Amino acid sequence: MFRTASHEKDEYQGIIEETEKINEEFMLRQKEKFPKSNVVLRTGIYYVTPECRSTSYAIDAANYVRQKVKGGEKGSVRFYDDEMQKQRELENEIVNDMEEAMEQKQFKVYFQPKYSIKSHEITGAEALVRWERDNGTVLSPNAFIPVYENNGKIIELDFYVFETVVEFIAENLKAGREQVPISINASSLHASDPQTINTYINILKKYSVDPTMVEIELTETAVVSEYESVRKLFDSFQLHGIKTAMDDFGSGYSVLNTIVDIPVDVIKIDRGFITSCLETDRGIYFLKHLIDMIRNLGYQIICEGVETDEQIEILRQIGCDEIQGYWYSKPLKMEDYKELLQTEKISKGGAKHPNRQKVLRYTLGNENLKERKIQ
């Protein structure tokens, strides 16, 4: 839709209100006509200036900003402004520079250690990627991961990070250094490719690294939204000796019966969820019993994002097994993490827990495992 405008700041709010009214009227008519429908209309607006390159550029810009209107935001209209222009240019650079960045090894893997809350020994680490660009800037995962999720390039980056980690493990084993398992994040897009597991296994074989030295993490959102395909993928990982983890548990999508049925070994409780629970006595009580329930189902439990003495003390009292967060360590560059492994106490057996399926069979009984429902 085109309309005349003066491109004055004072005009912005009037255009927003006018457009939102049109959107609301349209959605209302659709609801009246199709009661079971749930049409959501979002609008992006681009001011056409004398510097505008073409009509298609103006349409693309409006469409770009329309896609940035999130479902949870108040209002359904957004303008394409200077900030949006910079964001779009950065995203284009992120897409166009990926291959060169991988060739030049600009994607750097950092490691955030996990600690036993009882012994303070290192039990593992999580691999996290940063993009150290040749212009000196460092991009966090939030800047480029969503872009690569949208265009499918995340699969290449996941394998790149995984191979970097496996190569690092191999080098340290060769040097005779003590090791702990390292978890690596993966996209749910892998679940649609039946060759995914072969690629992971071939990388492990290439460097002669035991599968038990790595762990694959998917977020709770990905596990729940892609449940069936993720379940099959995690089954494949476990079949080949690779541990699996559900990250960000409690971030808003949890379905408790899902964690009973999904083949994961580790539940990582979300930082925001922990912070919220620790604010009140009732929340602490709930978190304690949630941790007890998850542990009794045979899972290894890691509490994420722990930053304060108070959080540590409460989590220790309510029985959390392991901690990951700034209280112990921020994500470290590869060389710093290597040095940490040489100076800190290393857990000899890691944080090993009984196989989850064995726990379930013991708890419910072999005969009626499939028939019984977890309340």
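Values for this structure:
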{"item": "Hey, E8 surrounded by fewer than 10 Cβ atoms within 10 Å (Cβ to Cβ), without any contact (Cβ under 8 Å) to a residue 40 or more places away in the chain, closer than 24 Å to R88 by Cβ and of a type in the set (D, E) or not", "result": "yes"}
{"item": "Residue ID - farthest from I267 (Cα to Cα), chosen from residues in segment 171-190 that are in a helix (DSSP H, G or I) and open to solvent by 20 Å² or more (accessible area, probe 1.4 Å)", "result": "K174"}
{"item": "Among residues of segment 280-334, those that are part of a loop (DSSP other than H, G, I, E, B), open to solvent by 30 Å² or more (accessible area, probe 1.4 Å) and aromatic (F, W, Y), counted", "result": "3"}
{"item": "Sole exception among (1) in a loop (DSSP other than H, G, I, E, B); (2) more than 30 Å from N135 (Cβ to Cβ); (3) among the basic types (K, R) for R53, by number", "result": "(2)"}
{"item": "Residue within segment 3-24 that is part of a loop (DSSP other than H, G, I, E, B), at positive phi and over 36 Å from the mean Cα position of the chain (by Cα) present", "result": "yes"}
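Yes or no, residue by residue, for (1) under 19 Å from N142 (Cβ atoms); (2) touching a residue at least 24 places away in the same chain (Cβ under 8 Å):
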| position | (1), (2) |
| --- | --- |
| R78 | no, yes |
| K86 | yes, no |
| Q112 | yes, yes |
| E121 | no, yes |
| E126 | yes, yes |
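The values are calculated or read from the model by the stated rules, or taken from the named source; none is laboratory data. Just so it is clear, the structure is predicted and the values come from calculations on it, not from any experiment. Methodologically, a virtual Cβ is constructed for each residue, glycine included, from the backbone with ideal geometry; neighbour enumeration extends over all protein chains shown. To get the accessible areas, we keep the full protein, side chains included, count just its heavy atoms, and leave off ligands, DNA and RNA. Shrake-Rupley method; radii C 1.70, N 1.55, O 1.52, S 1.80 Å.
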